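Reading through the structure tokens given below for one structure.
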Amino acid sequence: MELLRFATGGSVDDGKSTLIGRLLYDSKQIFQDQLEAVQRTSVARGDDYVDLALLTDGLRAEREQGITIDVAYRYFSTPKRRFIIADTPGHTQHTRNMVTGCSTADLVLLLIDARAGATEQTRRHAMIASLLGIRHLVLCVNKMDLVGYSKERFDQIVDDFTGFAERLQVYDLTCIPISALAGDNVVDRSSEMPWYGGLSLLDHLEGVHIGSDRNLIDLRFPVQLVIRPISNEYRDFRGYAGIIASGVLGVGDEVVALPSGFSSHVVSIDGPDGPLQEAFPPQSVVVRLEDDLDISRGDMLCRPNNRPNVGQDVSAMICWMAEAPLRAGSTFAIKQTTRWARALVRSLQYRLDVNALHRDSRASELELNDIGRVHLRTTAPLFYDEYRDNKATGSFVLVDEQTNATVAAGMLRRPTL
Amino acid sequence: MAHRLSHLDTLASEAIHIIREVVAEFERPALLFSGGKDSAVLLHLATKACWPQRVPFPVVHVDTGHNFPEVLEYRDQQVNKLEVRLVVGSVQEDIDRGSIVEQPVPGATRNRLQTFTLLRVLEENRYDAILGGGRRDEEKARAKERVFSLRDEFGQWDPRAQRPELWNIYNTRHRPGEHFRVFPLSNWAELDIWQYVEEQHLELPSIYFAHRRTVFRHSGMLLAVGPWTQPRDGVASEQAFEATVRYRTVGDMTCTAAVESTASTPAEIIVETAVTRVSERGATRADDRFSDAAMEDRKREGYF
Ligand SMILES: Nc1nc2c(ncn2[C@@H]2O[C@H](COP(=O)(O)OP(=O)(O)OP(=O)(O)O)[C@@H](O)[C@H]2O)c(=O)[nH]1
Ligand SMILES: [Mg+2]
């Protein structure tokens with residue numbers, strides 16, 4: 001069975017958690033005791049109806065405030081697919097948790113309150129999804145029950161949003177009118193909106209094609225661990241363990257090790273369940289080579305005629321996630337694939353204005369939850385690809401060296417001269 | 001299969017990646033091994049992550065003293081087979097030393113007391129990363145936790161201050177005295193565990209499979225009649241009777257309940273799990289029934 005990972009997005013109170021609760025409930029994935037617990041909490045709080053958002057809002061503070069603060073992960077499956085859901089917070093203050101939830105997603109459900117239409121936060125989330133290279137966006141126009149299930153209202157919101165989305169990189173946009181509260185078009189098609197000719201949300205999620213989202217062309221194998229057993233049985237064993245980041249690696253293939261540049265041939269590949277002839281993403285494997293090369297953690301195997309960029313001066317889009325603003329001249333620890341180095345922010349090129357999608361190049365700093373373009377100089381060369389072509393080798397995090405906090409998510413761009 | 005991984009292989013590769021990150025980036029890791037199904041799967045994946053080396057870190061068992069004998073037997077057998085080092089933290093010893101005080105009720109659960117012993121063992125051995133078999137689908141507070149979950153020098157979890165966790169790039173940096181709890185099975189559901197047990201022919205303690213046992217009903221749950229749990233005298237609803245049962249989780253004998261079932265193989269359990277209407281913890285754990293935030297509160301204090 002195939003795994004689909006999706007995340008929710010949208011402004012605070014647009015109904016993300018309610019929708020996830022509804023999806024789980026109507027597809028009969030809620031356990032009786034969990035439902036009873038939610039009913040008890042709802043009654044105790046004096047709600048008029050059972051608040052299905054409580055199924056994912058699992059922290060005390062979330063239940064008290066009635067908002068989502070951090071990502072909740074939920075799991076469910078239908079006969080067609082296995083799903084991992086990341087229900088993320090809409091509140092601006094918690095945007096970094098939304099980025100966390102989206103970073104591993106194949107698809108984002110972006111909710112809009114039909115009464116309010118798209119807000120700045122809706123646009124910010126759409127932009128984050130696009131920056132994170134998420135190819136599938138489902139615009140769920142929610143709370144249709146509160147606008148009389150109006151086709152006009154739906155069309156208006158869709159038109160408005162499509163205009164904005166055209167300027168982002170969204171490969172696949174689907175728009176569905178729903179009511180998370182009443183369950184319209186969530187699992188089953190709604191009788192309230194006969195004018196809507198599309199699929200219910202669940203049908204869409206079960207069918208959306210994600211197989212070609214992976215990069216099976218550019219072989220990249222970041223070495224995670226060198227395995228050299230001290231044992232009689234495996235005296236001369238020297239294996240390189242890691243995840244195939246992209247591309248397909250076969251026994252007998254010629255590979256080049258970076259940074260050394262020496263080449264060799266693959267003698268064997270061992271997966272979790274034994275020897276393989278071929279490995280592909282996201283398999284965890286152990287690779288052995290014909291020659292004893294000097295390779296350590298953080299090095300990379302690729303093909304002689306298809307290599308990543310190698311450089312210490314890199315350009316990237318970042319989502320800034322710390323309270324203290326980012327300014328040029330600061331230094332951080334950087335982790336990219338399996339390597340750590342240090343990175344100096346040489347310059348801040350621009351800050352993205354989320355509403356106008358305008359580049360503000362006079363900005364001198366990035367504040368919490370801002371998105372911007374930076375130039376970095378790293379202490380060691382990075383082996384990387386443009387994030388758009390290769391998420392696994394195009395992504396990095398910045399870490400504050402004093403507090404050890406993760407302060408930025410970064411997406412590398414093509415080197416500029 | 002055009003270069004597609006099944007969901008189970010995807011989850012296994014992800015878990016192995018996480019375990020290898022721990023081996024690569026920490027100085028003194030350890031693995032929590034309770035003998036339950038999740039920790040059995042975790043240990044199995046650790047052997048794959050380290051293959052063909054032996055698992056280079058110790059396994060830690062926090063022993064409440066209220067164990068199912070079948071589980072202790074299984075623990076020792078696995079430890080011998082895999083040639084790993086076992087470190088046992090005994091709750092009983094901490095009680096005897098006066099470090100923790102047990103509620104003066106016969107058969108009181110030692111579930112919460114485990115936290116002290118766990119933190120003591122971590123500190124004495126200066127472990128900087130503890131691999132655990134926790135799954136996000138078990139409980140709603142767990143559903144909120146990061147894969148690499150930072151604990152302060154008191155072992156506490158602060159759910160309001162979790163670091164962003166992006167892609168599969170894990171930030172393992174920490175100050176001396178702080179440590180990480182690492183959960184490679186975060187994205188596994190109960191059904192995945194059983195499918196994996198079946199696929200890999202994993203051995204598990206016998207109590208996971210249907211067997212005859214003398215039990216009694218206590219607040220809606222089936223508890224075994226044993227050294228720490230007996231029906232209360234004169235309470236008619238707590239009549240002991242013999243039934244065919246199995247356990248869905250394994251914990252302290254005082255608070256782990258059985259379910260009636262005739263499933264005696266992983267395949268039969270998979271069929272039952274796919275249609276069950278009660279969650280794993282709801283069916284079997286008295287400890288989580290007290291309040292909505294029982295697990296969150298315990299985790300804040302440093303629980304698993
Ligand atoms: N009438 C109506 N109310 C809805 C609908 N969906 C959600 N709501 C209500 O909107 C409120 C907010 O819903 P949540 O699901 O908590 O919103 P959220 O998007 O998860 O909010 P955050 O996670 O805090 O950003 C709740 O009171 C819901 O009952 C809907 O379709 N119709
Ligand atoms: Mg929410």
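Selection over the stretch A:295-333 of residues that are of a type in the set (Val, Ile, Thr) and surrounded by fewer than 24 Cβ atoms within 10 Å (Cβ to Cβ) gives a count of 3. Restricting the search to the stretch B:166-186, which residues are crowded, with 23+ Cβ neighbours inside 10 Å and either facing chain A (nearest Cβ under 8 Å) or assigned to a strand (DSSP E or B) (or both)? Once the filter is applied, which keeps residues that are crowded, with 23+ Cβ neighbours inside 10 Å and either facing chain A (nearest Cβ under 8 Å) or assigned to a strand (DSSP E or B) (or both), the stretch B:166-186 yields B:LEU166, B:ASN171, B:HIS179, B:PHE180, B:ARG181, B:VAL182, B:SER186.
For the stretch A:8-29, taking the residues that are assigned to a helix (DSSP H, G or I) and of a type in the set (S, T, N, Q), the one that is farthest from ligand 2 (Cβ to nearest atom) is identified as A:THR18. Taken as a whole, the stretch A:57-69 holds no residue that is within 22 Å of A:ILE112 (Cβ to Cβ) and more than 10 Å from ligand 1 (Cβ to nearest atom). Restricting B:THR214, B:THR115 to those that are open to solvent by less than 20 Å² (accessible area, probe 1.4 Å), hydroxyl-bearing (Ser, Thr, Tyr) and at pLDDT below 95 reduces the list to B:THR115.
Checking the condition more than 10 Å from chain B (Cβ to nearest Cβ), over 23 Å from B:GLU296 (Cα atoms) and within 22 Å of the chain's Cα centre (by Cα), which residue from A:GLY21, A:GLY9 passes?
That would be A:GLY9, the only listed residue that is more than 10 Å from chain B (Cβ to nearest Cβ), over 23 Å from B:GLU296 (Cα atoms) and within 22 Å of the chain's Cα centre (by Cα).
Listed here are the residues, each with its yes/no results for (1) more than 16 Å from ligand 1 (Cβ to nearest atom); (2) open to solvent by less than 60 Å² (accessible area, probe 1.4 Å); (3) at pLDDT 95 or above; (4) touching a His at 6+ places or on another chain (Cβ under 9 Å).
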residue: A:LYS143; (1), (2), (3), (4): no, yes, yes, no
residue: A:ASP159; (1), (2), (3), (4): yes, no, yes, no
residue: A:PRO222; (1), (2), (3), (4): yes, yes, yes, no
residue: A:VAL248; (1), (2), (3), (4): yes, yes, yes, yes
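For the stretch A:50-85, what are the residues that are free of Cβ contacts under 8 Å to residues at least 60 places away in the same chain, part of a loop (DSSP other than H, G, I, E, B) and more than 9 Å from chain B (Cβ to nearest Cβ)? Hits for the stretch A:50-85 are A:VAL50, A:ASP51, A:GLY66, A:ILE67, A:THR68, A:PRO79. Name the residue that is least open to solvent (accessible area, probe 1.4 Å), counting only residues in the stretch B:7-41 that are in contact with a strand residue (DSSP E or B) (Cβ under 8 Å, 6 or more places away or on another chain) and free of Cβ contacts under 8 Å to residues at least 12 places away in the same chain. Looking at residues that are in contact with a strand residue (DSSP E or B) (Cβ under 8 Å, 6 or more places away or on another chain) and free of Cβ contacts under 8 Å to residues at least 12 places away in the same chain, I get B:SER13. Of everything in the stretch A:31-43 that is more than 9 Å from chain B (Cβ to nearest Cβ) and more than 16 Å from ligand 2 (Cβ to nearest atom), the residue that is farthest from A:VAL186 (Cα to Cα) is A:VAL43. Considering (1) open to solvent by 10 Å² or more (accessible area, probe 1.4 Å); (2) at the interface with chain B (Cβ under 10 Å from one of its Cβ atoms), the lone condition that A:ASP253 does not fulfil carries the number (2).
The values are calculated or read from the model by the stated rules, or taken from the named source; none is laboratory data. Not measured: the values here are computed from a predicted model. Every residue, glycine as well, gets a Cβ built from its backbone with ideal geometry; the counts of neighbours run over all protein chains shown. Calculation scope for accessible area: heavy atoms of the full protein, side chains included, ligands and nucleic acids excluded. Shrake-Rupley method; radii C 1.70, N 1.55, O 1.52, S 1.80 Å.
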